[in-house]
Each structure stands twice: as structure tokens, then as C-alpha cells.
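Here is the structure we will look at.
The values are calculated or read from the model by the stated rules, or taken from the named source; none is laboratory data. All values derive from a computational prediction rather than experimental measurement. Here the Cβ positions follow ideal geometry from the backbone for every residue, glycine too, while neighbour counts run over all protein chains shown. Surface accessibility is based on the protein's heavy atoms, side chains included, excluding ligands, DNA and RNA. Shrake-Rupley method; radii C 1.70, N 1.55, O 1.52, S 1.80 Å.
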Amino acid sequence: MFGRIVPRYDLLNRRSRRGMAPPGRRAAPAAAQPADSLALDVGAGTGGLALELRRQGAAHVVGADFSSEMLATAGAKAAAAGDAGLSWALADALALPFPDNTFDCVTNAFLLRNLADLRAGLAEMARVLKPDGRLVCLDATQPPPGLFGSLYRLYFNHLLPPLAGTISGDRAAYRYLPNSLEGFPKATDLAAILADIGLSDVRFRLLAGGTVALHTGRRPLIER
Ligand SMILES: C[S@@+](CC[C@H](N)C(=O)[O-])C[C@H]1O[C@@H](n2cnc3c(N)ncnc32)[C@H](O)[C@@H]1O
């Protein structure tokens with residue numbers, strides 16, 4: 001499905017957000033504290049977050065995605081930016097092809113709602129982190145109660161899927177959106193999962209009026 005929407009993926013992100021960068025695009029890499037790091041961005045898509053990690057000082061970034069079409073676009077963007085400090089791995093988030101304790105930080109943006117097994121995907125990302133390394137997760141979350149939350153649900157569940165379908169030229173591709181959010185853990189529950197898989201210092205903050213959550217956690221120096 002993601003391979004089909006690649007040609008217009010960046011255009012869609014700009015149009016559906018009226019030209020604004022998706023929330024957290026700078027905050028997520030900053031939370032990973034990427035200076036001089038070896039970083040991994042999982043579900044890298046067209047490479048926006050991976051490139052931002054480099055801009056914020058990562059020594060090298062690996063962008064992993066299971067869509068070769070997404071990675072081809074990401075690679076072209078990195079080449080256009082003249083950035084040789086990025087490499088790309090065709091990989092499933094549920095079975096990352098990296099040894100334990102490899103990366104100083106691991107990020108993901110708008111990936112988690114797509115995983116068939118959320119907990120297994122998070123555990124896999126924690127596995128490839130070095131001790132004291134940081135995991136940063138950015139994704140949509142259940143909007144707050146009240147008028148704004150109701151309006152946002154209306155937008156996300158009923159307006160965004162046909163709008164995205166029209167811009168991407170693939171109406172079927174975005175029908176999954178409403179289910180992806182309704183079945184996804186609330187921010188507090190996602191924090192509990194991160195703690196449960198063994199991460200320490202788990203925190204989250206809400207962005208974009210409470211519709212996007214940025215979670216962080218660290219792999220402890222001494223495992224429980
Ligand atoms: C909504 S896009 C987000 C892309 C990018 N992170 C961004 O913020 O623009 C989700 C991405 O995750 C990838 N993806 C979904 N499930 C995956 C999995 N199990 N393993 C690897 N990549 C996956 C898709 O191919 C797609 O590129």
C-alpha cells in the first residue's frame with residue numbers, strides 16, 4: 001500500500017497540513033539527541049526525519065523501511081541534498097537486520113499505528129539500541145475530549161481519508177486511517193508499553209493540540 005502512494009506522499013503531507021511540516025518533525029530528532037550518533041529511523045518513508053537527524057548532527061543515519069519505493073525516493077532526496085551520511089535498509093520493523101546494541105538512538109514517525117504487532121516492533125527497536133541509547137516515537141494519538149477533539153475526529157475519520165485518497169490518486173490507500181487510530185493505545189498506555197519492554201525514563205508530550213504524541217525512553221545501562 002505505501003509503495004503505491006510514494007509519488008505524492010510528500011505533496012500530500014504538505015497539502016493536508018496546508019504547507020506546514022507535520023508536527024514533531026524537528027522535536028522528534030531533537031529528542032533523540034543525535035549529535036555525533038549512529039542513528040536508525042524505522043519506517044523512514046521518504047526520508048524526512050532521517051535527513052533532519054543529519055541536520056541536527058547525527059554522524060550517520062540508517063533509514064529502514066519495508067517499501068523499496070519509499071526508500072528510492074528517500075535516497076534520491078539524500079543525493080539531491082548532497083548528503084553521504086545516510087544509508088538505507090530494506091527491512092521489516094518486526095525483524096530488524098541489525099545486531100543487538102548497535103545504535104545510539106532509534107526514531108520512528110507515524111509508523112507505529114501500521115505495525116501488525118506494536119509491542120514486538122518496539123521491543124525490536126529497543127534491542128538494537130545501545131545501553132543508554134534513546135528511543136523516540138512520534139505518532140498520532142487519541143485526540144482530547146471536548147469540541148476540538150470531536151472536530152478532529154470528524155476530520156481524521158471522515159474528511160482526511162477521501163482528501164488523501166484524492167491527492168494521492170489512490171482512494172483505497174487511506175481507508176485504514178480511522179481504524180489505525182481507534183485501535184491504537186492512548187499516550188499513557190503507549191508509555192506503559194515502553195516501560196514494560198524495559199525502557200527507563202519513559203516520558204511523553206502532546207503536540208498539535210493533543211493529536212500527536214512524542215514518546216521517549218532510554219535503554220537502561222543495567223537491564224532489569
Ligand atoms: C505513514 S508513513 C511515515 C513515513 C515517515 N516516517 C514520515 O514520517 O513521513 C509509514 C512508513 O512506515 C513504513 N512501514 C509500515 N510498516 C512497516 C514495517 N512493518 N516495517 C518497515 N516499514 C514499515 C511504510 O512503508 C511507510 O514508509
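Roughly how big is segment 84-224's charge dipole about its Cα centre, with Cβ charges of +1 (Lys, Arg) and -1 (Asp, Glu), in debye to the nearest 20?
It comes to approximately 300 debye.
Apply the Karplus parameterisation 6.51 cos²θ - 1.76 cosθ + 1.60, with θ equal to phi minus 60°, to every residue of segment 105-114 and state each ³J(HN,Hα) to the nearest whole Hz, in sequence, with x for glycine and proline.
Ordered by residue, 3J(HN,Hα) equals 8, 10, 10, 8, 9, 6, 9, 4, 5, 8 Hz.
Classify the chain as rounded, prolate or oblate from the Cα gyration tensor: take a ≥ b ≥ c as the square roots of its eigenvalues, call it rounded if a/c is under 1.5, otherwise prolate when a/b beats b/c and oblate if not.
Oblate, because a/c is 1.5 or more while a/b does not exceed b/c.
Could you point to the residue in 150, 137, 115 farthest towards the positive end of segment 94-224's charge dipole, with +1 and -1 charges on the Cβ of Lys/Arg and Asp/Glu respectively?
150
If you consider only alpha-carbon coordinates, what radius of gyration and Dmax does segment 21-72 have, in Å?
Rg and Dmax of segment 21-72, Cα atoms, are 10.5, 29 Å.
Please give the per residue accessible area of the chain, computed with a probe of 1.4 Å over protein heavy atoms only, in Å².
Result: 46 Å² per residue.
Show the residues, 5+ positions off or on another chain, whose built amide H is closer than 5 Å to the amide H of residue 129.
Close amide H contacts, sequence-distant or interchain: 101, 102, 103.
Percent of Cα-Cα pairs per 10 Å bin, from 0 to the last occupied bin, for segment 179-224, please list those.
That works out to 26, 48, 21, 4, in percent per bin.
Based only on the alpha carbon positions, what is the Kirkwood hydrodynamic radius of segment 91-224, in angstrom?
In segment 91-224 this quantity evaluates to 15.9 Å.
Go ahead and set up a Gaussian network model of the chain, Cα springs under 10 Å, then flag whichever of 111, 147, 181 fluctuates most.
Highest fluctuation among the options: 147.
So what is the diffusion coefficient of segment 102-146 in µm² per second by Stokes-Einstein at 37 °C and 0.692 mPa s, using a Kirkwood Rh over Cα pairs? Before the final figure, lay out each step's value.
Details: Rh = 11.6 Å.
Answer from the Stokes-Einstein relation: 283 µm²/s.
Summarise the accessible area of the chain (1.4 Å probe, protein heavy atoms) by the percent that is carbon and sulfur.
56
Name the residue, out of 82, 48, 198, whose mean-square fluctuation peaks in a Gaussian network model built on the chain with Cα pairs under 10 Å.
The residue with the greatest mean-square fluctuation here is 82.
Could you give me the ³J(HN,Hα) list for segment 152-161, computed from phi with Karplus coefficients 6.51, -1.76, 1.60 and θ = phi - 60°, whole Hz, x at Gly and Pro?
5, 4, 4, 4, 5, 8, 10, 9, 5, x
Under the classification rounded if a/c is under 1.5, otherwise prolate if a/b is larger than b/c and oblate if not, where does segment 11-141 fall, given a ≥ b ≥ c as square roots of the Cα gyration tensor eigenvalues? List each step's numbers first, then the result.
Working: a/c = 1.37, a/b = 1.19, b/c = 1.15.
In terms of gyration-tensor shape, rounded.
With each pseudo-label sitting 7 Å past Cα toward Cβ, what's the residue 120-residue 222 distance in nm, one decimal?
The answer from the label model is 3.3 nm.
At 222 nm, what helix-only mean residue ellipticity would the chain give, in deg cm²/dmol to the nearest 500, using -39500 (n - 2.57) for each DSSP H run of four or more?
Per the formula, -10000 deg cm²/dmol.
Among bridges DSSP assigns within the chain, what percent are antiparallel (round to 5)?
Antiparallel: roughly 40 percent of the beta bridges in the chain.
Just to check I understand the Karplus step: with θ = phi - 60° and J = 6.51 cos²θ - 1.76 cosθ + 1.60, what whole-Hz values come out for segment 116-131, glycine and proline as x?
Once θ is set to phi - 60°, the couplings for segment 116-131 become 5, 9, 4, 4, 5, x, 5, 5, 5, 5, 5, 4, 7, 6, 6, x Hz.
Can you tell me the length gained on complete extension of the stretch residue 182 to residue 148, counting 0.36 nm per residue apart and subtracting the Cα distance?
Gain on extension, residue 182 to residue 148, equals 10.6 nm.
What distance in nm separates the simple spin-label points at residue 90 and residue 159, each placed 7 Å from Cα in the Cβ direction?
3.9
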